[in-house]
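Peer 1: Quick one: the structure is below, questions incoming.
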Amino acid sequence: MQKIYNNRWFLLLFISLTWGSSFILIKKSLLVFTPYEIGAIRVVGSGIILAAIGIPALLRMRRGTLLWVIIAGFFGNFIPMFLFPIAQTQVSSSLAGILDSLVPIFILAFGFLFFGIKSKLTQVIGAIIGFIGAASLIFFSEGNSENSQFGYAMLIILGGASYAVNSLIVKEKLPELDAIKLTAAVYSFWAIPSGVILYFTGIIQNFEMKESYVEPIFYMAFLTIFGTAIAMLLYFKLIQNTSAVFASISSYLLPVVAIIWGIVDGEEFNFWYILGGVLILIGIYLIREKKTAPTSIPA
């Protein structure tokens, strides 16, 4: 089991399948929950599940480490949890999956701007191609429609950029912190403000169990346990064992999984989805790391 846990390709596949399915799960959860309820439930649920590990980990952390854990959690475990369901009130789950694959391109750009990580010319070209692909998706597929979803599509991109900042902080500032303790700590901390948000949504005070809620609640439970807590734990482990760029290669498979679920659910899939998605994947291919020497951390 420990060998599997440390296998970077197994982790990459599990993360891709789980997060690729998250978009359709959010869509199904939106049938009865509001975007703010979905985001808050995901964080609060994960915080409760991991509290026994997270709270002691937070109490033992040095001030400098604690600050970076809180910042990393804000960008990777708090803000995106609300941005994606808000966006998916207007954006299809397959388009959300395609746009979310921009994460490695943002990692490349932010790594250079904020952490001084140098890039090769081919990687820069890849980033440009990826952004062209995203622009074609937004402007031609969404921006020219009668009911433009441009603003909502931009929320998906903002969420991807937020994940990129989180990945770089974890790799550059928290490389030695155990992945389990890191995941538990961020969710335990951000569960508190998320709990406040959840309270003010009114769901706690006014919830009434109905037959129509059974299926969406199941989707929310799966999304919280596997798509949030477990997937993020394994993602942090993968980042620390390899690099932020390698971990973001999940972006190759993530949109494919999201598109398959979207088609199964009867979503529209047009030419611009294909063109934009292909350009983004070409960009990711060009910025990939050909060889990465894993760095082991305490398990």
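Peer 1: So is T122 open to solvent by 10 Å² or more (accessible area, probe 1.4 Å), among the hydroxyl-bearing types (S, T, Y) and under 28 Å from T228 (Cα atoms) or not?
Peer 2: No, not satisfied.
Peer 1: Name the one entry in G195, G160 that is touching an Asp or Glu at 6+ places or on another chain (Cβ under 6 Å), part of a helix (DSSP H, G or I) and either open to solvent by less than 40 Å² (accessible area, probe 1.4 Å) or without any contact (Cβ under 8 Å) to a residue 12 or more places away in the chain (or both).
Peer 2: Exactly one of G195, G160 is touching an Asp or Glu at 6+ places or on another chain (Cβ under 6 Å), part of a helix (DSSP H, G or I) and either open to solvent by less than 40 Å² (accessible area, probe 1.4 Å) or without any contact (Cβ under 8 Å) to a residue 12 or more places away in the chain (or both), namely G160.
Peer 1: When both residues are 6+ apart or on different chains and their Cβ atoms are under 9 Å apart, which pairs have a first residue that lies in the range 141-157 and is closer than 21 Å to G20 by Cβ and at pLDDT 55 or above, and a second that is in a loop (DSSP other than H, G, I, E, B) and among the basic types (K, R)?
Peer 2: none
Peer 1: Where in the range 205-249 are there helices (runs of 4 or more DSSP H), lying wholly inside it, with at least 3 residues that are more than 15 Å from the chain's Cα centre (by Cα)?
Peer 2: 214-224
Peer 1: Restricted to the range 31-46, and to residues that are in a helix (DSSP H, G or I), farther than 23 Å from A247 by Cα and not β-branched (V, I, T), which residue is most open to solvent (accessible area, probe 1.4 Å)?
Peer 2: Y36
Peer 1: Let me ask something else about it. Tell me whether the range 163-180 contains one or more residues that are under 21 Å from the mean Cα position of the chain (by Cα), farther than 23 Å from L11 by Cβ, modelled with pLDDT of 85 or more and open to solvent by less than 40 Å² (accessible area, probe 1.4 Å).
Peer 2: Within the range 163-180 (the criterion being under 21 Å from the mean Cα position of the chain (by Cα), farther than 23 Å from L11 by Cβ, modelled with pLDDT of 85 or more and open to solvent by less than 40 Å² (accessible area, probe 1.4 Å)), the answer is no, since none of the residues qualifies.
Peer 1: State all residues of the range 254-279 that are part of a helix (DSSP H, G or I), closer than 12 Å to G97 by Cβ and open to solvent by 40 Å² or more (accessible area, probe 1.4 Å); if no residue qualifies, say none.
Peer 2: Listed by number, the residues that qualify are V256, I260, W261, I263.
Peer 1: Test of understanding: among I26, I15, which residue is at pLDDT below 90 and open to solvent by less than 30 Å² (accessible area, probe 1.4 Å)?
Peer 2: I15
The values are calculated or read from the model by the stated rules, or taken from the named source; none is laboratory data. This is a predicted model, so every value here is computed, not measured. Here Cβ is always computed from backbone atoms with ideal geometry, including for glycine, and neighbour counts include all displayed protein chains. The area values use the complete protein model at the heavy-atom level, side chains included, leaving out ligands, DNA and RNA. Shrake-Rupley method; radii C 1.70, N 1.55, O 1.52, S 1.80 Å.
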